[in-house]
1. Using Cα pairs under 8 angstrom and six or more residues apart, how large is the relative contact order of region 10-135, in percent?
2. Taking the mean number of other Cβ atoms within 10 Å as a proxy for protection, how do you rank 262-269, 222-229, 124-131 from highest to lowest?
3. Taking a ≥ b ≥ c as the square roots of the Cα gyration tensor eigenvalues, with a/c under 1.5 meaning rounded and otherwise prolate when a/b beats b/c, else oblate, which class fits region 143-197?
4. Going by average Cβ neighbours within 10 Å, how do the peptides 155-164, 332-341, 22-31, 42-51 rank, with the highest at the top?
5. Given Cα pairs under 8 Å that are at least 6 residues apart, what percent is the relative contact order of region 26-389?
6. If I model a spin label as a point 7 Å beyond the Cα along the Cα-Cβ vector, how far apart are those points for L333 and E203 in nm?
7. How big is the C-alpha Rg of region 202-294 next to the rule-of-thumb value 2.2 N^0.38 Å, as a ratio?
8. Given R₀ = 41 Å, what would the calculated FRET efficiency be for Y325 paired with D40, taking r from the Cβ atoms and rounding to 0.05?
Amino acid sequence: MIYCARCLYPKNHPLNLIIDKEGVCSGCRVHEEKDYLDWDEKFERLRQLTDRYRSKSGKNYDCIVPVSGARDSFFTVHVVKNILKLKPLLVQYNQHYNTQVGIRNLAYLRIVFNCDMIAKVVAPQTIQTLNKTTLIERGSMYWHCLAGKSTFPVQSAVFYKIPLIIFSVHQGIDQVGMFSHLDEVEMTRKYRTEHDLLNLEIETLIHKHPHLDRLNLEAFQYPDDREIQAVGVRGIYLNNFLRWDSKEQHELMIDLYQYETKNQFRTFDNYNDVDCHHYSGLHDLIKFMKYGYGKATDHACREIRLKRMTREDGIKMVNRYRDLYPPDIDLFLEWMDMGKDELFEYIDQHRDKEIWHINENNNWELKDCVTKHHLEPKIISDARLVYQTNCEFRKSNNEKIDISDNSYTIIGRGFIDGKKSSSPMTNAVQMPSSSGISQR
Ligand SMILES: [Zn+2]
């Protein structure tokens, strides 16, 4: 396997990486733009762009913001509502695997930002049938989450005739440098199908099980081009317009709005995926079983690029989390009424043979791994960024008390006692110190 000499990504990253003659990957190269682009100018462009979408009649929302009880939702709504002064409609696809922390964060979000929100909750049997089908077809228990989260905002935009959707970060830019920030790439059906949906659209799924008919899969039916064009729907990404730093942004949200963190089983980042029992558990083990690396690698790469972690410390993190067997497997298997052997059999069908092989004992074995891969020291030192600061993740107050949470909370309490809406004016000036946006 070929590994980036700066971060830890392998060449078989499913979003595709290009590694240049210096041994540095396209994700690291595009990330360098964060340090030299004029982010003040870019944010001004965002202001001008979004100004054009303000509801002229005042009778409709200015934009749609997809949200969850975690990952960038607070920050995105903070920017849209309190900095850009837009009136958003928040939309949430309910992923079913919800933690109590995620449900509480979602209630906080709705209250402190004082926004209207709509949710899509798909019937459990449909999710279970879909899960089994997508595990067989693609080795994925997360297809419905990715499909639902990329479909419901577009359906809502068409239905409510709100042309502008504001997403948080485009993973193709931030992880692998598929596009430059200068491209200001927008939402496309093509990227969604090829990457979010693993090239598996509902037209294929409809024939796989009698329960998977068009009505039951309505939540995953992307509107057709004529409907999208009639409203003029476009989806933009905030990370094209402000210097994206997930860790710093989450810390601001903890300080301003008491965003809750949660310990994650297979990675050190306890900010991003706190709303899901499986994202950094079973889902991540599946990712490792398919591609030979997991979330700890993703998060270490991000921190290396932001100069808060050395490559060597990143490798230690991969070593620490790579082989952990996540306890949330039992929760999923019980809900799915599925045996462990059956689950692993499905996933084994989708292992990337570039990195996995079956050894003489008939066990799957990694051919290579960043923790033992040899790269010339000079290539690594030439690619190295100047380390600037440490990488400590904070715990919010809820993490300091023991909360036992070992079941899915499909729908929870929609409000939090003692929480009040924030005054937009109070928080309007707050941006992360490195965002590049002038403190106004
Ligand atoms: Zn890299």
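1. On the way: 105 pairs, mean separation 22.5, N = 126.
It comes to 18 percent, rounded to a whole number.
2. On the way: 262-269: 21.5, 222-229: 13.5, 124-131: 18.6.
Going from most to least packed, we get 262-269, 124-131, 222-229.
3. Numbers: a/c = 2.45, a/b = 1.40, b/c = 1.75.
Here region 143-197 falls in the oblate category.
4. On the way: 155-164: 18.7, 332-341: 13.0, 22-31: 21.8, 42-51: 15.4.
Ranked by mean Cβ neighbours within 10 Å, highest first: 22-31, 155-164, 42-51, 332-341.
5. Details: 517 pairs, mean separation 70.5, N = 364.
Relative contact order for region 26-389 comes out at 19 percent.
6. Each label point lies 7 Å from its Cα, and together they span 3.8 nm.
7. Numbers: Rg = 19.0 Å, N = 93, 2.2 N^0.38 = 12.3 Å.
Rounded to two decimals, the normalised Rg is 1.54.
8. Working: r = 47 Å, r/R0 = 1.15.
Efficiency for this residue pair is about 0.30.
Just so you know, all these numbers are worked out from the coordinates, no wet-lab data involved. Bear in mind the structure is a predicted one, so any value in this text is a computation, not a measurement. Because the Cβ atoms are built from the backbone with ideal geometry, glycine has one as well, and the counts that use them run over all protein chains shown.
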